[in-house]
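One structure below.
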Amino acid sequence: MKHCIISGANRGVGLALVSHYLAEGNWHVHACCRQPEKADALRALVPANLGRITLHTLDVTDQASVDALAEALAKTLDGQPVDLLINNAGIKGSKHQSRDDMDYDAWAETFAVNAMAPLRVTEALLPQLKAADGAKIATISSQMGAICNEGTGQYAYRSSKAAVNKVMSILAQEVAADGLICILLHPGWVKTDMGGPYAQITPAESAAGIAATIEKATQADNGGFFKWNGEPHGW
C-alpha cells in the first residue's frame, strides 16, 4: 500500500483527489485540513474506506501544526515511506486586492497559505519522502500566477501563485539528487467555491487529470509546470 498526503482535503479539488486515490485501491490517503471534525463530506468517505484513509488536523501556516503532522506520520507509518505529497491547500484571498483597494494584511495571509506553506509542509515531510523510491511532490498552482498569462486585478492571488511556482522550481533542483520529482499543476477552471458555477470542468475531472499527470511524471519533468490534463504550461 502506497501512502499519499493531501492538504486542503475537505472540499473542492482536494476532496476530489481524496476520492480519486481511494478509488484506485492501492493508496492509503492521509487527508489533511484545518478542522476534520467539521469536514462532513470528507468524513463521509471514511466508513467505506476503513484502513485506507486517515484524517489529520493541519493548519499549513502553523509550524507547530505541520510538525505535529510529521511526528504523527512518523509514528503511524513506522518506517514506511510517503510516496506522494500533494500541496493543495490554498485560498483566493480578500475581496480587496485591486491596485487602489488593497488589504495588505490579507495579502500577507494569502502569501503565507499559497506561497510559503507548500515549502513548510514539504520540508517537514522530506525524510519520509526521501525514504520512498521516486517519491513525488505535486503543488497546485494556477495559470493566474504565470507571467506569460496577461490579466489585471487579484494582485494577492496572482502574485502568491507566481511565487509558489518559483519556490517549488527551486526545490525541484535541490531534491533531484535524492530521486524526488517535484512538479506544479494548474488544476483548470474548476466548478468549486473558488472557480464558481460557470467554470469549465468538475472537481472530479480535474482530480483525474491531475492524478494521471502526476503518475506519468518522470525525472525529465522535475521542476515542470503542467495543466491538469498533462499539457505543459508556460511560465
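The values are calculated or read from the model by the stated rules, or taken from the named source; none is laboratory data. No experiment lies behind these values; they were computed from the predicted model shown. We place every Cβ from the backbone using ideal geometry, glycine too, and count neighbours over all the protein chains shown.
State whether the residues of the range 101-114 include one that is among the hydroxyl-bearing types (Ser, Thr, Tyr) and in contact with a helix residue (DSSP H, G or I) (Cβ under 7 Å, 6 or more places away or on another chain). Within the range 101-114 (the criterion being among the hydroxyl-bearing types (Ser, Thr, Tyr) and in contact with a helix residue (DSSP H, G or I) (Cβ under 7 Å, 6 or more places away or on another chain)), the answer is yes, since at least one residue qualifies. Among the listed residues 191, 136, identify the single one that is surrounded by 17 or more Cβ atoms within 10 Å (Cβ to Cβ) and without any contact (Cβ under 8 Å) to a residue 60 or more places away in the chain. Being surrounded by 17 or more Cβ atoms within 10 Å (Cβ to Cβ) and without any contact (Cβ under 8 Å) to a residue 60 or more places away in the chain holds for just one of 191, 136, which is 191. Is it true that residue 110 is among the β-branched types (Val, Ile, Thr), touching a Ser or Thr at 6+ places or on another chain (Cβ under 7 Å) and farther than 16 Å from residue 86 by Cβ? Yes; evaluated as a whole, the condition is true for this residue. Checking each residue in the range 60-78 for being closer than 19 Å to residue 114 by Cα, touching a strand residue (DSSP E or B) at 6+ places or on another chain (Cβ under 9 Å) and in contact (Cβ under 8 Å) with a residue 12 or more places away in the chain picks out 60, 69. Residue 160 meets all of the listed conditions (1) of a type in the set (S, T, N, Q); (2) out of contact with any helix residue (DSSP H, G or I) (no Cβ under 7 Å at 6 or more places or on another chain); (3) modelled with pLDDT of 95 or more but one, namely (2). If you go through the range 170-180 one residue at a time, how many are surrounded by fewer than 18 Cβ atoms within 10 Å (Cβ to Cβ) and touching a residue at least 40 places away in the same chain (Cβ under 8 Å)? Going through the range 170-180 one residue at a time, the tally reaches 4.
Is it the case that residue 183 is touching a residue at least 12 places away in the same chain (Cβ under 8 Å), among the β-branched types (Val, Ile, Thr) and surrounded by fewer than 21 Cβ atoms within 10 Å (Cβ to Cβ)? Taking the combined requirement at face value, the residue does not satisfy it. When you check residue 123 against the structure, is it among the charged types (D, E, K, R), without any contact (Cβ under 8 Å) to a residue 40 or more places away in the chain and within 25 Å of residue 33 (Cβ to Cβ), yes or no? Against the criterion (among the charged types (D, E, K, R), without any contact (Cβ under 8 Å) to a residue 40 or more places away in the chain and within 25 Å of residue 33 (Cβ to Cβ)), residue 123 qualifies. Looking only at residues in the range 1-43 that are part of a helix (DSSP H, G or I) and of a type in the set (Ser, Thr, Tyr), the one that is surrounded by the fewest Cβ atoms within 10 Å (Cβ to Cβ) is 19.
Among the residues making up the range 50-60, a single one is modelled with pLDDT of 95 or more and surrounded by fewer than 16 Cβ atoms within 10 Å (Cβ to Cβ): 57.
So which residues in the range 210-222 are crowded, with 19+ Cβ neighbours inside 10 Å and not in a helix (DSSP H, G or I), if there are any at all? Scanning the range 210-222 gives 217, 222. Consider the range 81-96 and keep the residues that are within 15 Å of residue 145 (Cβ to Cβ) and either at pLDDT below 95 or hydrophobic (A, V, I, L, M, F, W, C) (or both). The one that is surrounded by the fewest Cβ atoms within 10 Å (Cβ to Cβ) is 91.
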